[in-house]
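Quick notes on the structure that follows.
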Amino acid sequence: DRLNAAADALRWVGISIAVVIAAFLAAAGWGLRRGVLQPVAALAAQVRSVVSGDMHREVRGSGPREIVELGADVDAMRVHISNEVDLLQQVNQQLDDQARELERSNRDLEQFAYVASHDLQEPLRKVSSFCQLLQRRYGGQLDERADQYIGFAVDGAQRMQRLINDLLAFSRVGRTTSAFETVDMREIALAAAAQVEMTRAELD
């Protein structure tokens, strides 16, 4: 009888311990869910909202101190990234404005170059024609220095005519030019050197 009573008492003690353990586990789970999992889930939801584009939403942690501090760190990072994004947007807007202004200025410059080169054609043609008439009519009738000066005038008028034609062609680049081709820079350099040589000879 005593053994049976002891066994019953031990059984009830085991049941009581199991109930206490189950109650403890349930309370621990409820406390873990309420104190850790729910604050972490709320913090994760706020972070996902920020990631989705709501950069100005404040991130706040709740619950344990560690989660609150984590929320503060995340919000500080959000503020820093938001400031960087705002700055980049301002810079991009300024670049867009400058690009539009540069495009407008280029159009105005192209139009001015076209109009100026086109309007200079007629007076320069007249100067070149009269210089050539002087050369044909009075060539050999004046002294050698006069013939040289007339030759300089004719050559200068012809070079100016080529420069104006080049300026007119340059003003059309990008608007009427369908394709580009490679050029021999050596020939261009020699032509430029020849022009400088002519200028030096004229100064002598």
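The values are calculated or read from the model by the stated rules, or taken from the named source; none is laboratory data. These figures come from a predicted structure and were not determined experimentally. Cβ atoms come from the backbone with ideal geometry, glycine included; neighbour counts cover every protein chain shown. The protein model used for the area step is the full one, side chains on, heavy atoms only, and it has no ligands, DNA or RNA in it. Shrake-Rupley method; radii C 1.70, N 1.55, O 1.52, S 1.80 Å.
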Fraction of accessible area attributable to carbon and sulfur, the chain (%, probe 1.4 Å): 61
Check: the range 1-114 dipole with +1 on Lys, Arg Cβ and -1 on Asp, Glu Cβ, in debye: 940
Per-residue [θ]222 nm for the chain (sum of -39500 (n - 2.57) over DSSP H runs n ≥ 4, rounded to 500): -29500 deg cm²/dmol
Helix runs (DSSP H) in the chain reaching 24 Å along axis by Cα, Kyte-Doolittle at least -0.5: 2-32, 144-171, 185-203
Options Gly53, Ala146, Leu168, ranked by Cα towards positive dipole end of the chain, top entry (Cβ charges): Gly53
Residue-count net charge about Ala76 - beta-carbon cut-off 15 Å; Lys, Arg +1, Asp, Glu -1: -2
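Could you state the accessible area per residue of the chain in Å², with a 1.4 Å probe and every protein chain left in place?
Value for the chain: 79 Å² per residue.
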Pair-distance profile P(r), taking every C-alpha pair of the chain, with 10 angstrom steps and integer %: 7, 14, 14, 10, 8, 8, 8, 8, 7, 5, 4, 3, 2, 2, 1, 0
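So what's the range 117-160 giving for Cα Rg divided by 2.2 N^0.38 Å, two decimals?
Rounded to two decimals, the normalised Rg is 1.22.
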Chain lengthening between Ala189 and Leu95 when straightened (0.36 nm per residue, less Cα-Cα): 30.2 nm
Dipole axis of the chain (+1 Lys, Arg; -1 Asp, Glu on Cβ), positive-most option in Leu120, Leu87, Asn106: Leu87
Gyration tensor (Cα) of the range 58-151, equivalent ellipsoid semi-axes in angstrom: 79, 14, 4
